[in-house]
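In what follows, a single structure is set out as structure tokens and then discussed.
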Amino acid sequence: MRKALNIIVPILICFLVGMTASYFQADAIQTWYPTLNKPILTPPNIIFPIAWSIIYLLMGASIGLVLNSSTPEKRKIGILFILQLLFNFSWSFSFFYLQNPLLGLINILILDILVLMYIIKTYKAFKVSSYLF
């Protein structure tokens, strides 16, 4: 039961973070975001909740597998996960709520570095991701 909870709880936390972020961005998506100059390849708005649901599900499952492991890197990987989840949330806040693309860019660059560090740490700890490449 504990192993299942180690996966279910992080998934729920990821979705909670996403739902909380959507609260801060809802008005801007209706009013400010449509006024931005966006590339022609920008997907329609309906794609984003679908994509982010899949991403949050996989993020939660990923850290759940770490929690269920016996890797000595578990604490470091957990800290990286929490940091990237916080920056994931703060991107929505800085870009949409504050309507600040520059702050959003800085935030997403830090987020990308944290995600890359998380991938590298989990790859070294598990080498499971080698099957994906």
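Below are the figures for this structure:
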item	result
For the chain: accessible area per residue (Å², 1.4 Å)	69
Normalised contact order of the chain, rounded percent, pairs of Cα under 8 Å and 6 or more residues apart	32
Helix-derived mean residue ellipticity, 222 nm - over the chain, DSSP H n ≥ 4, -39500 (n - 2.57), to 500	-25500 deg cm²/dmol
Charged-residue dipole, Cβ positions (Lys, Arg, Asp, Glu), the chain about Cα centre, Debye nearest 20	600
Reachable aspartates and glutamates, given that their alpha-carbon falls under 14 Å from the alpha-carbon of Lys124 and they are not under 8 places away in the same chain	Glu73
Distance from region 1-29 to region 54-133 (C-alpha centre basis), Å	14
Positive-end extreme of charge dipole, the chain - chosen from Thr122, Pro49, Ser22 (charges on Cβ)	Thr122
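The values are calculated or read from the model by the stated rules, or taken from the named source; none is laboratory data. The shown structure was predicted, so the numbers you read here are calculated from the model rather than taken from an experiment. Note: ideal-geometry Cβ built from the backbone for every residue, glycine included; neighbour counts use all protein chains shown. Just so you know, the surface numbers come from the protein's heavy atoms only, side chains and all, with ligands and any DNA or RNA stripped out. Shrake-Rupley method; radii C 1.70, N 1.55, O 1.52, S 1.80 Å.
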